[in-house]
Amino acid sequence: MRKLFGTDGIRAVAGEAPLDPPTIFATGLALASTLKKRHPTPRVLLGSDTRESSPWITAVVAAGLQSGAAEVLNAGVITTPGVAFLTRKHQFAAGVVISASHNPWPDNGIKVFGGDGYKLPDATELAIEEEIFRHIREAPSADLEILNAPAAGKEFREEYEAFLRGVVPGLNLNGKKIVIDCANGAAAVIASELFPSLGGEIHLTHVTPNGRNINETCGALHPETVARETKSRGADLGITFDGDADRALFADAHGRVVNGDGVMLVAARDMKAKAELAGDLVVATTMSNMGLEAALRSSGIRMFRAPVGDKYVLEMMQKHQASLGGEQSGHILFPRRSTTGDGLLTALVLLDLLARSGKPLHELLSDLRVFPQVIVNVKVREKRPLEQIPAVVESIHQAETDLHGNGRVVVRYSGTEALARVMIEAESEQQMRVHADRIAQAIRVEIGA
């Protein structure tokens, strides 16, 4: 069982275990040791988001990697998918991103991509964990005052921007008004350079990161912010990214939030019309709304459900050779274009789709009937297997029995935070909320923080 890596790397409060300097140094050293089994002198690319702690964590990771005889280059502030793209293109042995994605600014994290640009399999992460625990006693007491990360090369960001422009050659936004919320995160500089070059009237918001305002009442964690701005400005579309821009959510011209389910629906129909939807199949997750499944079915498209986490979506996509998948949260996977979820790429693909259709987003989604859905987050002090907690098992069973197949119950732990998530979907909103609260309370009583 993994102790450090969650569904998206290592994540914690910066400065506290497992993101304390000795563990971070050991992580770099362990990664270098693992990579040297295949690469005599592994080259590793680093990138980070805009958190206050990102520079010193980058410096400590780099020191650990260099102690293990790895060559380290730094892309500076850049999106997570930007690092994945550059790692693969330049044949780095690995890419490392310092980011906690949508988490608040005190948190940070370490994500690792293999040389192929894909997130590491669970088995590889477990092997690296074992190396970390072996090396942690060797870690010096890092003096953060004297450590410096390698100088950042802006050519990496420029190369990634050129790749994004090439995804939608000829896209012209003239006559369109677009609001873009960059979450004061990694997309701030790139989006500011990329989108205005495509024409149209572009309104960029939350593009002034100060180390502590990433995701603060903005970005994909708060899509109502861009929805409100889109409506007030009379814009055609709103786009919002999370802190590391590996996902995107949208707002239509009426100020309604469009999540990953809506994006997958319009993308799937467009790809099917162009004979690009392999097997007429979309891979979503257990969190996607039943309404998406019904709308896809009406278009002759099948939907499979993977566990939550874009890496698990990708695994199922690869197993079934699917060409489209994603999560309700906005991670959308276009494997013929990118190895991982990419919010900027998703935004460009959707803008291109809208331009070709000549229709507004709300019209393309007019037949998507969203079933009432509630998600309750419960802070937990431990992640004991839920099936070993009788009170929780009983409350889930009661909910499933009461719904009689006219709804879904999904209860799981977050892979990135100390939370249990209770999701219930049903035709009856009252029934849904009663059972969600009952299950959440059972969790609080047994393992609540």
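Points to keep in mind about this one:
- Residues in the range 425-446 reached by a label modelled at ARG369 [backbone nitrogen below 15 Å; 7 Å Cα→Cβ]: 426-429
- Straight-distance candidates among the lysines for linking to LYS176, with alpha-carbon spacing under 27 Å and chain neighbours fewer than 8 residues away dropped: LYS231, LYS272, LYS274, LYS359.
- Orientation-averaged projection of the range 278-358 equals 5.3 nm² [convex hull of Cα atoms, one quarter of hull surface area].
- Alpha-carbon centroids, the range 147-189 and the range 54-78: separation in whole Å: 22
- Among ILE301, THR27, GLY255 the positive-end extreme of the charge dipole of the chain (Cβ point charges): ILE301
- Whole-number percent relative contact order across the chain, with pairs defined as alpha carbons under 8 Å at least 6 apart: 13
- Under a 5 Å amide H cut-off, with hydrogens placed 1.01 Å from N, LEU204 pairs with ILE180 among residues at least 5 apart or on other chains.
- Computed 3J(HN,Hα) for the range 379-393, one whole-Hz value per residue from the Karplus formula 6.51 cos²θ - 1.76 cosθ + 1.60 where θ = phi - 60°, is 5, 10, 8, 8, 10, 5, x, 4, 5, 9, 10, x, 5, 6, 4, glycine and proline marked x.
- Among GLY199, GLY255, GLY211, the largest mean-square fluctuation in a Gaussian network model of the chain (Cα springs under 10 Å) belongs to GLY199.
- Within-10-Å neighbourhood charge of VAL374 [Cβ basis; K, R +1; D, E -1]: -2
- Theoretical FRET efficiency, 1/(1+(r/R0)^6), r = Cβ-Cβ of LYS36 and LYS3, R0 35 Å, to 0.05: 0.90
- Surface analysis of the chain yields an accessible area of 41 Å² per residue, using protein heavy atoms and a 1.4 Å probe.
- Measuring r between the beta carbons of THR286 and VAL445 and using R0 = 25 Å, the FRET efficiency lands at 0.55.
- Estimated FRET transfer efficiency when R0 is 51 angstrom, pair THR401-ARG233 (beta carbons, to 0.05): 0.60
- Excluding same-chain neighbours fewer than eight residues apart, the lysines reachable from LYS383 by a Cα-Cα span under 26 Å are LYS3, LYS111, LYS119, LYS311.
- The chain - charge dipole about Cα centre, Lys and Arg +1 at Cβ, Asp and Glu -1, debye rounded to 20: 680
- For the range 224-377, relative contact order (Cα pairs under 8 Å, six or more residues apart, normalised by length) works out to 26 percent.
- Note on LYS154: lysines with a C-alpha under 17 Å away, same-chain residues under 8 apart excluded, are LYS89.
The values are calculated or read from the model by the stated rules, or taken from the named source; none is laboratory data. Being a predicted model, the structure only gives us computed values, none of them experimental. Because the Cβ atoms are built from the backbone with ideal geometry, glycine has one as well, and the counts that use them run over all protein chains shown. Calculation scope for accessible area: heavy atoms of the full protein, side chains included, ligands and nucleic acids excluded. Shrake-Rupley method; radii C 1.70, N 1.55, O 1.52, S 1.80 Å.
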